[in-house]
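One structure is given here, and the rest of the page talks about it.
The values are calculated or read from the model by the stated rules, or taken from the named source; none is laboratory data. In this text, all values refer to a predicted model and were calculated from it rather than measured experimentally. Note that we place each Cβ from the backbone using ideal geometry, even for glycine, and neighbour counts take in every protein chain shown. In case anyone asks, the SASA skips ligands and DNA or RNA and just uses the protein heavy atoms, side chains included. Shrake-Rupley method; radii C 1.70, N 1.55, O 1.52, S 1.80 Å.
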Amino acid sequence: MNEEPTKDLPNKKSFEERVFARFDDFDARFDTVGARFDTVDTRLEKLEAHSYDTKPIWERALAKIMEMDLEVGEIKTKVGVIGSKVTVIETKVAAIETDVAVMKTSYASIRNELTDMRRELRDNIKHQLQLILKFLLEDRSDIRDAEDRIRQLETKLA
């Protein structure tokens, strides 16, 4: 191999100097990263301290949420019972509506029957009154004849 290209490097520092310079760069970078980690660690400690300060608040809030969850469960149970009762009521109302419909039909039928009976009764009464009137007129005519005969007899006797 030819060693001449390595001789003409633009950097005139020795290999060891360059390696140590790189190590110094790495050290500087690690120091920067370490400082950043320290900053993050400090911020994390502040956040943790703050979270410990709010922990009782969160515990109370969680207790309230659980209490509300129990109340919601009780309300759901009561609503379920009410729903069952409403279903029973709806069934009973449907039965009542059916009964009312049957009663309306029966009422209409009875009304028609009563109307027919009234018409028949009126016709029968008319017929009976006509018969009575006929008999009265016949009797009146007979009474007049009888009265005329009596007068004739009275006039003959007198």
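Counted by Cβ distance under 12 Å from E154, the other residues give a net charge of +1, where Lys and Arg count +1 and Asp and Glu count -1. Here mean projected area of the Cα convex hull in nm² was calculated from the structure, and among (1) 8.5; (2) 36.1; (3) 9.0 it sits at label (2). For the chain, the number of Lys pairs separated by eight or more positions or lying on different chains, with C-alpha atoms closer than 30 Å, is 11. Measuring only protein heavy atoms, the 1.4 Å probe finds E45 accessible over about 110 Å². Both numbers refer to the Cα atoms of region 32-83; Rg and Dmax are 21.4, 69 Å.
As a fraction of the 1.4 Å probe accessible area of the chain, surface on carbon and sulfur atoms comes out at 61 percent. The C-alpha atoms of the chain define a longest principal axis, and helix 15-157 lies at about 0 degrees to it.
Think of a 1.4 Å ball rolled over the protein heavy atoms: the chain then has 99 Å² of accessible area per residue. Solvent exposure of R122, expressed as accessible area, is near 120 Å², computed with a probe of 1.4 Å over the protein chains only.
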